[in-house]
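Notes for the one structure printed next.
Throughout, read-outs are computed from the coordinates displayed, never taken from laboratory work. All values derive from a computational prediction rather than experimental measurement. A quick note on method: Cβ atoms are made from the backbone with ideal geometry, for glycine too, and the neighbour counts reach across all protein chains shown.
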Amino acid sequence: MHFSRRSYKKGKKQLAQMNVKFHPDATIELIEAAHFYEERQEGLGDRLLDAVEEAIAFIRMHPTIWRSDEKGRRKYRAKRFPYLIIYKITNDSLYILAIAHTSRKPGYWKMRDEP
């Protein structure tokens, strides 16, 4: 098999185009966390949303860097905020299982799975 810089870039582009799907509870978690931070300081909720968006973009580029558990779940920590993005790779998609605070209710999301 021939590997070139061009094929590498093509592969990265395909990964970056992976669909992102959210578990309904993960969406709620993200909205609630953004509201919490926005109530504390104007603009902070938007910064959390930006940090999660940046994290998901990075995950899309490098989805398999982090070790998966026995059910294929992986974790990535958002920058500047104490939140983990818990996700699985399913076919051509990233499925976000949870946006979990690092210090609250550890493992509560472990019963979630993709639809």
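Mind ranking 65-74, 22-31 by how tightly packed they are, going by the mean number of other C-beta atoms within 10 angstrom, highest first?
Packing order, densest peptide first, comes out as 22-31, 65-74.
Rounded if a/c is under 1.5, else prolate if a/b beats b/c, else oblate: with a ≥ b ≥ c from the C-alpha gyration tensor eigenvalues square-rooted, which is the stretch 16-104?
It is prolate, given that a/c is not under 1.5 and a/b is the larger ratio.
For Phe81, which sequence-distant residues (separation of 5 or more, or a different chain) have an amide H within less than 5 Å of its own amide H, given hydrogens modelled in the peptide plane?
Hits under the 5 Å cutoff: none.
Using the crude model of +1 on Lys and Arg Cβ and -1 on Asp and Glu Cβ, and no other charge, please compute the dipole size for the stretch 16-104 relative to its Cα centre, in debye to 20.
Result for the stretch 16-104 is approximately 520 debye, rounded to the nearest 20.
Show me the ranking of peptides 87-99, 39-51 by mean Cβ neighbours inside 10 Å, starting with the highest.
For the peptides 87-99, 39-51, the packing ranking is 87-99, 39-51.
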